[in-house]
Structures are given as C-alpha cells and as structure tokens.
Amino acid sequence: MGKRIIEGVEFEIGSGNVFADLGLPDAEKLKIKSGLVFEIAKAIRRLELTQEQAARRMGIAQPKVSGLLRGDFANFSERKLMDCLTRLGYDIEISVKPAAAETGHLVLAVA
C-alpha cells in the first residue's frame with residue numbers, strides 16, 4: 001500500500017482486502033465470507049426470491065436471510081455460506097495446489 005496525491009487529494013491505495021486494511025483479525029476469512037454473501041445476495045435478486053422464499057430454499061430462518069443481506073455474517077461458517085449458494089443453484093469447486101510462497105492463501109474466484 002502506498003499514498004498518492006491526485007488533484008491535491010491524498011489517498012492510500014488499498015491492499016485489495018478492506019478487512020486487512022482496517023487491521024481486523026482473520027481478514028482473509030472475512031474477505032472470503034463477504035464474497036460468498038455478495039454472491040448469495042446476487043442469487044436472491046436474480047431468482048427474484050422474497051426473503052422467506054430464500055430462507056426456505058437455503059434451509060435457514062428468514063431473519064438470518066435479512067441479517068445476511070445487511071452484512072451480518074459473523075455467525076455463519078464458510079461451509080454454511082457455500083451450502084446456501086448450492087441450494088440457490090450454484091456449483092462450488094475447491095482447488096488445492098502447492099503455493100509459490102512458504103505460506104499459501106485463500107482466493108474466492110467467481111465466474
């Protein structure tokens with residue numbers, strides 16, 4: 001990350017992970033979960049589901065759907081969010097390969 005000045009306005013270039021930029025713990029996990037929640041919200045809109053319909057389809061209570069759509073996903077595991085997406089008609093593939101560096105990282109790729 002670095003600072004830049006454009007037209008007299010100073011700003012800092014982000015890392016690509018707003019959670020890490022804010023110094024939050026488990027930033028990578030939060031980035032993955034927020035990406036999954038974003039896709040859930042897109043699927044609900046694309047399918048034109050009410051929150052109640054989405055809840056039935058995903059196997060969770062309607063208030064939980066409401067919370068998800070407001071960004072409250074702290075009590076959802078990545079696995080549960082992926083389960084919700086599969087119930088909304090998404091295929092999920094997990095690819096595991098050796099990392100180029102000593103420590104690997106998680107990436108959410110959306111087609």
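A few comments on the model shown:
- When F38, F19 are checked against the criterion of being assigned to a helix (DSSP H, G or I), farther than 22 Å from I92 by Cα and either under 19 Å from the mean Cα position of the chain (by Cα) or of a type in the set (G, A, S) (or both), F19 stands alone in meeting it.
- Residue selected from the stretch 5-35 under the condition out of contact with any His (no Cβ under 7 Å at 6 or more places or on another chain) and touching a residue at least 24 places away in the same chain (Cβ under 8 Å), by the criterion farthest from V110 (Cα to Cα): K29
- Residue that is farthest from L24 (Cα to Cα) [pool: residues in the stretch 50-88 that are without any contact (Cβ under 8 Å) to a residue 12 or more places away in the chain and β-branched (V, I, T)]: T50
- Residue in the stretch 74-84 that is surrounded by fewer than 13 Cβ atoms within 10 Å (Cβ to Cβ) and either farther than 19 Å from L106 by Cα or of a type in the set (V, I, T) (or both) present: yes
- Test result for G67, out of contact with any Cys (no Cβ under 6 Å at 6 or more places or on another chain) and outside any loop (DSSP other than H, G, I, E, B): yes
- Only residues that are in contact with a helix residue (DSSP H, G or I) (Cβ under 8 Å, 6 or more places away or on another chain) and over 22 Å from F19 (Cβ atoms) were counted in the stretch 58-96, giving 12.
- When the stretch 43-61 is filtered for residues that are surrounded by 14 or more Cβ atoms within 10 Å (Cβ to Cβ) and part of a helix (DSSP H, G or I), the ones remaining, listed by number, are A43, I44, Q51, Q53, A54, A55, R56, R57, M58.
- Any hit, the stretch 70-77, residues being among the basic types (K, R), modelled with pLDDT under 95 and part of a loop (DSSP other than H, G, I, E, B): no
The values are calculated or read from the model by the stated rules, or taken from the named source; none is laboratory data. In this text the structure is predicted, and so the values were computed from the model without any measurement. Reconstructed Cβ throughout: ideal geometry from the backbone, glycine too, with neighbour counts over all protein chains shown.
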